[in-house]
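Chemist: Dumping the structure here so I can ask a few things about it.
The values are calculated or read from the model by the stated rules, or taken from the named source; none is laboratory data. This is a predicted model, so every value here is computed, not measured. When we count neighbours, we look across all protein chains shown, and the Cβ atoms used for this are built from the backbone with ideal geometry, even at glycine.
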Amino acid sequence: MEVLIQPNAEHAAMMAAWLIARQLRAQPDSVLGLATGRTMEGVYHRLVGLHRDHGLDFSRCRTFNLDEYIGLPPDDPRSYRQYMNHHLFNRVNIDLRNTHLPDGTAADLKAACREYEASIRRCGGIDLQLLGIGVSGHIGFNEPLSALRSRTRDKSLTPATRRQNAAMFGGNPENVPPRALTMGVGTILEARALLVVVTGAEKADILAQAVEGPITSMVSASAIQLHEDCKVIADETAASRLQGGAYYRWIFENEPDWNEARRALNTDDPGNAKTSAHRRAGGPHDH
Ligand code: F6R
């Protein structure tokens with residue numbers, strides 16, 4: 001595992017987008033595993049910018065999202081399908097037929113989950129899986145006690161997750177659907193590479209447990225320690241409880257492998273950081 005600590009959430013999003021873009025440029029027909037949530041909005045905003053300003057091509061890539069609420073049809077504005085269309089798919093040159101989310105309205109949910117796994121396999125497996133971490137320690141919607149070998153299935157959401165996601169449902173956790181379909185921890189671990197993005201002080205404890213704590217199904221995100229190609233991008237506030245922070249920073253600043261990324265993102269040039277903060281003032285709706 002590599003932990004890349006970035007000065008703030010904006011730089012964390014830039015770094016994640018740069019790594020996804022590098023994957024897409026090296027392999028234009030990549031299969032990307034995608035996540036939703038607030039953290040990813042910044043990442044998708046950056047990817048849209050790379051498409052618009054630098055021609056990043058999505059025309060051949062295929063995508064599989066981690067999860068979808070049970071009972072929300074794809075045209076419901078609160079569904080993850082609509083989130084993805086709004087934040088990414090409708091703003092880049094992706095073929096919507098190549099984008100997949102679990103079908104939370106299927107009459108037979110178990111069959112839909114089996115079919116989802118089969119369709120990932122038919123595409124040759126996921127090359128790069130993007131992940132956030134929830135306050136309950138989940139990846140996807142793998143709440144505590146999800147088996148480390150679990151596959152795509154339906155899952156009941158914890159009260160903490162329903163509180164975390166209440167904003168899209170009028171602020172009331174009771175309105176958040178109680179169940180969702182999610183790729184399993186085992187499904188996620190089969191991706192060829194994992195890219196985890198975590199920002200904000202409220203994630204500092206859970207990030208420390210996931211990265212440095214014991215591997216336990218009580219913290220599904222701790223399963224990322226089992227993956228041989230896992231990068232974790234955290235901003236300073238989320239990284240504040242990591243015991244190895246100084247070591248992780250030293251690696252990022254000194255490893256030749258990261259020269260290209262450091263140059264591309266220019267994170268050590270405060271002038272540039274200021275410029276990008278100015279650009280951000282336009283916000284996600286400036287295009
Ligand atoms: C959603 C998903 C979740 C989120 C996590 C963090 O598709 O996979 O695991 O990544 O709940 O969400 P935010 O970024 O909203 O804190």
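Chemist: For the subset of segment 186-218 comprising residues that are within 15 Å of the ligand (Cβ to nearest atom) and free of Cβ contacts under 8 Å to residues at least 60 places away in the same chain, which member is surrounded by the most Cβ atoms within 10 Å (Cβ to Cβ)?
Modeler: Checked segment 186-218; the qualifying residue surrounded by the most Cβ atoms within 10 Å (Cβ to Cβ) is Leu189.
Chemist: For segment 1-10, name all the residues that are away from the ligand (no atom under 16 Å from the Cβ) and of a type outside the set (A, V, I, L, M, F, W, C).
Modeler: Within segment 1-10, Glu2, Pro7 meet the criteria.
Chemist: From the list Ala118, Ala106, which one is part of a loop (DSSP other than H, G, I, E, B) and not hydroxyl-bearing (Ser, Thr, Tyr)?
Modeler: Just a single option satisfies the conditions, and that option is Ala106.
Chemist: What's the total number of residues in segment 125-136 that are under 14 Å from Val185 (Cα atoms), within 10 Å of the ligand (Cβ to nearest atom) and aliphatic (A, V, I, L, M)?
Modeler: Count: 3.
Chemist: Being over 27 Å from Pro28 (Cα atoms) and at pLDDT 95 or above is the requirement here; does Asn93 meet it?
Modeler: Against the criterion (over 27 Å from Pro28 (Cα atoms) and at pLDDT 95 or above), Asn93 does not qualify.
Listed here are the residues, each with its yes/no results for (1) closer than 18 Å to Val196 by Cβ; (2) out of contact with any Phe, Trp or Tyr (no Cβ under 9 Å at 6 or more places or on another chain); (3) aliphatic (A, V, I, L, M); (4) assigned to a loop (DSSP other than H, G, I, E, B).
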| position | (1), (2), (3), (4) |
| --- | --- |
| Ile224 | yes, yes, yes, no |
| Ile233 | yes, yes, yes, no |
| Ser240 | yes, yes, no, no |
| Tyr248 | yes, yes, no, no |
| Trp258 | yes, no, no, no |
| Arg263 | no, yes, no, no |
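Chemist: Restricting segment 158-185 to residues that are under 20 Å from Thr63 (Cβ atoms) and more than 15 Å from the chain's Cα centre (by Cα), which is nearest to the ligand (Cβ to nearest atom)?
Modeler: The extreme case among them is Ala180.
Chemist: Can you tell me which residue is nearest to the ligand (Cβ to nearest atom) among those in segment 35-69 that are hydrophobic (A, V, I, L, M, F, W, C) and in contact with a helix residue (DSSP H, G or I) (Cβ under 7 Å, 6 or more places away or on another chain)?
Modeler: This residue is Val43.
Chemist: Take Leu34 and tell me if it is under 18 Å from His87 (Cβ atoms) and either in contact with a strand residue (DSSP E or B) (Cβ under 9 Å, 6 or more places away or on another chain) or of a type in the set (D, E, K, R) (or both).
Modeler: When the stated conditions are applied, Leu34 passes them.
Chemist: Go through segment 18-34 and give me each residue that's over 17 Å from Arg122 (Cα atoms), in contact (Cβ under 8 Å) with a residue 60 or more places away in the chain and away from the ligand (no atom under 16 Å from the Cβ).
Modeler: Trp18, Leu19, Gln23, Gln27
Chemist: Here's another thing I want to ask about it. Pairs, please: C-beta under 6 Å, at least 6 apart or cross-chain, first residue under 11 Å from Leu181 (Cβ atoms) and in segment 97-118, second in a helix (DSSP H, G or I)?
Modeler: Within 6 Å, the pairs are Leu101/Tyr80; Leu101/Arg81; Pro102/Tyr116; Asp103/Ala112; Ala106/Ala112.
Chemist: Right, another one. Please work out which one of (1) closer than 26 Å to Lys203 by Cβ; (2) more than 13 Å from the ligand (Cβ to nearest atom); (3) of a type in the set (Lys, Arg) is the condition Arg81 fails and give its number.
Modeler: Arg81 satisfies every listed condition except (2).
Chemist: Exactly one condition in (1) near the ligand (Cβ under 9 Å from one of its atoms); (2) surrounded by fewer than 16 Cβ atoms within 10 Å (Cβ to Cβ); (3) within 15 Å of Thr36 (Cβ to Cβ); (4) not polar (S, T, N, Q) is false for Ile139; which is it?
Modeler: That leaves (2) as the condition not met.
Chemist: Would you mind stating whether Arg122 is out of contact with any Ser or Thr (no Cβ under 9 Å at 6 or more places or on another chain), at pLDDT 95 or above and of a type in the set (D, E, K, R)?
Modeler: Yes, satisfied.
Chemist: If you take the residues of segment 5-42 that are within 11 Å of the chain's Cα centre (by Cα) and assigned to a strand (DSSP E or B), which of them is surrounded by the fewest Cβ atoms within 10 Å (Cβ to Cβ)?
Modeler: Of everything passing the filter in segment 5-42, Leu32 is surrounded by the fewest Cβ atoms within 10 Å (Cβ to Cβ).
Chemist: Condition first: under 19 Å from Tyr80 (Cα atoms), hydroxyl-bearing (Ser, Thr, Tyr) and buried (at least 16 other Cβ atoms within 10 Å of the Cβ). Now tell me which residues in segment 142-161 satisfy that.
Modeler: Thr152, Thr158, Thr161
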